[in-house]
């Protein structure tokens, strides 16, 4: 009996596919943990969360903590290039709300098209790429948190795979995905190099977007000189 070994996309559409559902739950739980730990900075929970935030290498032993207090900071640890993406600003609900809404809104079609395993690889590759570019460009001893790097990678993939699908700005004004993505990337470039958005990790957004674009195009066989495996051709 001959068996097909190449990838076949899932045929059942899910509003909450497994990876996105679990990311929403995990991010929500860590946000609740931050609300519990915020009033008591000296607790073990607060210390653990602070060690999960991303600090640039060489940031020293003093700076601003995850909870906004000045003093001793943990500095850089390797696991932070992933764990920072599970944390969000404990001072505002809007940070996690917009990130999780964007992840769900743009990620559902992609995970349903690619499958959960490939989507998970993609998402965390974007998260790591976002951390690396941010650390390369920014050295201030302040923590970086949020899923935005992964979300921007997902946004780029959506624009590549569904370029003409309309996105409704403020739920009223339709704009094609490719133009929305292009406009957002140009804004991120402008703010990143001008420093016009204080407290926003623009280079993390750009890093996630860059990895997302390269990986999406690689799987589609669109990168010159880099041909994916035969099984990967089915990701187009």
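The values are calculated or read from the model by the stated rules, or taken from the named source; none is laboratory data. Predicted model, so just to flag it, every value in this text is computed and none were measured. Glycine also receives a Cβ, built like all others from the backbone with ideal geometry; neighbour counts cover every protein chain displayed.
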(request) Could you list, in sequence order, all residues of region 18-43 that are in contact (Cβ under 8 Å) with a residue 24 or more places away in the chain, assigned to a helix (DSSP H, G or I) and out of contact with any helix residue (DSSP H, G or I) (no Cβ under 7 Å at 6 or more places or on another chain)? (result) 28, 35
(message) Residues to consider are 209, 131, 120, 204; find the one that is surrounded by fewer than 18 Cβ atoms within 10 Å (Cβ to Cβ), in contact (Cβ under 8 Å) with a residue 24 or more places away in the chain and either touching a helix residue (DSSP H, G or I) at 6+ places or on another chain (Cβ under 9 Å) or within 20 Å of residue 53 (Cα to Cα) (or both).
(response) 120
(request) Just one of (1) surrounded by 16 or more Cβ atoms within 10 Å (Cβ to Cβ); (2) under 27 Å from residue 66 (Cβ atoms); (3) touching a residue at least 12 places away in the same chain (Cβ under 8 Å) trips up residue 191, so point out which. (result) (3)
(request) Run down 127, 154, 138, 142 and say which single residue is closer than 30 Å to residue 76 by Cα and in contact with a strand residue (DSSP E or B) (Cβ under 7 Å, 6 or more places away or on another chain). (result) 142
(request) Select, from 48, 64, the only residue that is modelled with pLDDT of 90 or more and more than 15 Å from residue 146 (Cβ to Cβ). (result) 48
(request) Evaluate region 163-178: report whether one residue or more is out of contact with any strand residue (DSSP E or B) (no Cβ under 8 Å at 6 or more places or on another chain), surrounded by fewer than 20 Cβ atoms within 10 Å (Cβ to Cβ) and under 20 Å from residue 109 (Cβ atoms). (result) yes
(message) For the list (1) surrounded by fewer than 17 Cβ atoms within 10 Å (Cβ to Cβ); (2) in contact with a helix residue (DSSP H, G or I) (Cβ under 7 Å, 6 or more places away or on another chain); (3) in contact (Cβ under 8 Å) with a residue 60 or more places away in the chain, I need the number of the one condition that residue 82 fails.
(response) (3)
(request) Look through 180, 184, 189, 169 and report the one residue that is under 16 Å from the mean Cα position of the chain (by Cα), over 25 Å from residue 52 (Cα atoms) and modelled with pLDDT under 95. (result) 184
(request) Mind counting the residues in region 61-78 that are surrounded by fewer than 11 Cβ atoms within 10 Å (Cβ to Cβ) and out of contact with any strand residue (DSSP E or B) (no Cβ under 8 Å at 6 or more places or on another chain)? (result) 1
(request) Considering each residue of region 147-184, count those that are under 15 Å from residue 208 (Cα atoms) and touching a helix residue (DSSP H, G or I) at 6+ places or on another chain (Cβ under 6 Å), and give that number. (result) 15
(message) So, in region 136-166, exactly how many residues are over 15 Å from the mean Cα position of the chain (by Cα) and assigned to a helix (DSSP H, G or I)?
(response) 5
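For residues in region 54-69 being in contact (Cβ under 8 Å) with a residue 40 or more places away in the chain and in a loop (DSSP other than H, G, I, E, B), which is farthest from the chain's Cα centre (by Cα)? Outline the logic, then answer.
Narrowing region 54-69 to residues in contact (Cβ under 8 Å) with a residue 40 or more places away in the chain: 54-60, 62-66.
Next, from what is left, pick out any that are in a loop (DSSP other than H, G, I, E, B): 55-60, 65-66.
Working: 55: 17, 56: 18, 57: 20, 58: 24, 59: 23, 60: 26, 65: 21, 66: 18 Å.
Per the criteria, the residue is 60.
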